[in-house]
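The values are calculated or read from the model by the stated rules, or taken from the named source; none is laboratory data. Quick caveat, the model's predicted, so the values are computed rather than measured. A quick note on method: Cβ atoms are made from the backbone with ideal geometry, for glycine too, and the neighbour counts reach across all protein chains shown. Side chains included, ligands, DNA and RNA excluded: accessible areas come from the protein's heavy atoms. Shrake-Rupley method; radii C 1.70, N 1.55, O 1.52, S 1.80 Å.
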Amino acid sequence: MNQAAILKSEAFSEQLTRIRRHLHQHPELSNEETETTAYIASLLKSEGIRVVDYGLKTGVVAEIGGQLGGPIVVLRADIDALAIQEETELPYASVYPGKMHACGHDYHTASLIGAAYMLKQQEKQLNGTVRLIFQPAEEKASGARQVVRSGALHEVEAIFGLHNKPDLPVGTIGIAGGPLMAAADGFTVSITGAGSHAAVPESGVDPIVAASHIVTALQSIVSRNVSALQSAVISVTKIHSGTSWNIIPETALLDGTIRTFDEKVREDVLARFVQVTEGVAAALGAKAEICWTEGPPPVVNDWSLVKLADEAAAAIGLEIVRPVPSPAGEDFAVYQKEVPGLFVFFGTSGSKEWHHPAFDVDERALPFSAAYLSQIAVGYLNSRHNAGNA
């Protein structure tokens, strides 16, 4: 069955929908995806697709092709869920309290399984090897690093992935070169002063006052240290201090996140954050200690792969748009530090944004995302084959 026929096949669409709904009903958190791993592996093996052991605790790596030699190209999906109580009331809602596929990783996984089925049908004609990576722990920004350490990118020439996009309609794909998603770093600032009775603040050092001034001062970093031609976000999202109305506490805690789209801007903002935080605290007689949670770097798409993605999308009748970059983070960026890569947004006509307890996708997009992944892998291998024979 050719690609056009597959796209029109109700049986194929229903098959992917069943897979996606099974995954949606059985979400597992980062690094706990044991049932998901076994389920994916069983589906691939049932179609004669070889699963390759790279020593990952969770996650699946598989391969199709290679019979004619040629390069290796990777297609990647993420498989983990979020610690969110689902509120969709769907008949296939999560059966596990407090766990939900609220970011569409079930959709991504089903799409890649569909692409695997399509690629298997043309395995003997593939001008290279398509490696499939079903990656764990994207939500913890650690899974891609696990995969890289495993050696699964060894000798890989390029990598492709996608993310559902609720605000794009089904049949639409967002393709762009350059920055697409942000670096996402987290911070916890521990501020230490000296406790005292609230009636005699002069006998202590108030960490709440220091924390307040730090929050205000941090806002100047983006407006005064980042070029108007660049962008960054610093958000303090949690403040905690004190135990009683009449006691000045000894400590205060600040939590938050920093988002940037450029590695140099990221480096400068993080350095300035340290200067401002420690300097303001010291000026008020307090001490600040910063604990960083290093997130993924920015997703920066390789411009040389954009034309190939456009051609793959056009081949299956998708409407191509140039998307606005998202300040959300994605550890697909880790792979792009190793090999050229391209990440796209796929329209799923959702009514809720990522990480919302009522998040869902329009499953009519599944055959198209599966076909796109298959098409871009074949297109890349054919382009390399043709270039070698030119």
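At 0.36 nm per residue, and after removing the present C-alpha to C-alpha distance, how many nm does the segment from Q85 to K238 gain when stretched out fully?
Values: separation 153, 0.36 × 153 = 55.08 nm, distance 2.14 nm.
The span from Q85 to K238 would gain 52.9 nm if fully extended.
Heads up, I need the accessible area for R21: 1.4 angstrom probe, whole protein in place, Å², nearest 10.
We get 90 Å² for R21.
Taking the Cα centre of the chain as origin, sum charge times position over the Cβ atoms of Lys and Arg (+1) and Asp and Glu (-1), and report the length of that vector in debye to the nearest 20.
Magnitude of the dipole: close to 740 debye.
Of the residues P169, P249, P340, which exhibits the maximal mean-square fluctuation in a Gaussian network model of the chain defined by a 10 Å Cα contact cut-off?
P249
For the chain, what is the mean residue ellipticity at 222 nm derived from helices alone (per DSSP H run of n ≥ 4: -39500 (n - 2.57); sum divided by total residues; nearest 500 deg cm²/dmol)?
Helices in the chain give a 222 nm mean residue ellipticity of -11500 deg cm²/dmol.
Can you tell me how much longer the chain between E311 and Y96 gets when fully stretched, taken as 0.36 nm per residue apart minus their C-alpha distance, in nm with one decimal?
So the extension gain works out to 73.3 nm.
Ranked from the most accessible area to the least, with a 1.4 Å probe and all protein chains present, what is the order of C103, C291?
Numbers: C103 10, C291 80 Å².
Heavy-atom accessible area, descending, gives C291, C103.
Treat each spin label as a single point 7 Å out from the Cα along the C-beta direction, and report the E263 to N389 distance in nm.
For the pair E263/N389, the computed spacing is 3.7 nm.
About its Cα centre, how strong a charge dipole does the stretch 23-178 have in debye, to the nearest 20, once Lys and Arg get +1 and Asp and Glu get -1 at the Cβ?
Numbers: 12 positive and 19 negative charges, 113 e Å.
Rounded to the nearest 20 debye, it is 540 debye.
In nm, what is the difference between 0.36 nm times the number of residues separating H213 and V51 and their Cα-Cα distance?
That works out to 52.8 nm of additional length.
Under a straight-distance cross-link criterion of Cα-Cα below 30 Å, which lysines are reachable from K99, leaving out those fewer than 8 residues away in the same chain?
Counting by Cα, and skipping residues close in sequence, K99 has these lysines nearby: K45, K57, K140, K165, K238, K352.
Hey, what's the chain come to in accessible area per residue, 1.4 Å probe, Å²?
Result: 43 Å² of accessible area for each residue.
So which aspartates and glutamates pass the test for K337, namely a Cα distance under 19 Å, with those fewer than 8 places away in the same chain ruled out?
Counting by Cα, and skipping residues close in sequence, K337 has these aspartates and glutamates nearby: D78, E138, E139, E155, E157, D185, D262, E263, E267, E294, D302.
Taking only Cα atoms and a 10 Å spring cutoff, compute GNM fluctuations for the chain and point out the largest among P296, P97, P367.
Of the options given, P97 has the highest mean-square fluctuation.
Taking only Cα atoms and a 10 Å spring cutoff, compute GNM fluctuations for the chain and point out the largest among S231, S94, S30.
Maximum fluctuation in the GNM of the chain, among the listed residues, is at S231.
Below 8 Å, C-alpha to C-alpha, sequence gap of six or more: please give me the relative contact order for the chain in percent.
24
Accessible surface of D262 in the full protein assembly, 1.4 angstrom probe, to the nearest 10 Å²?
Its accessible surface works out to 50 Å², give or take rounding.
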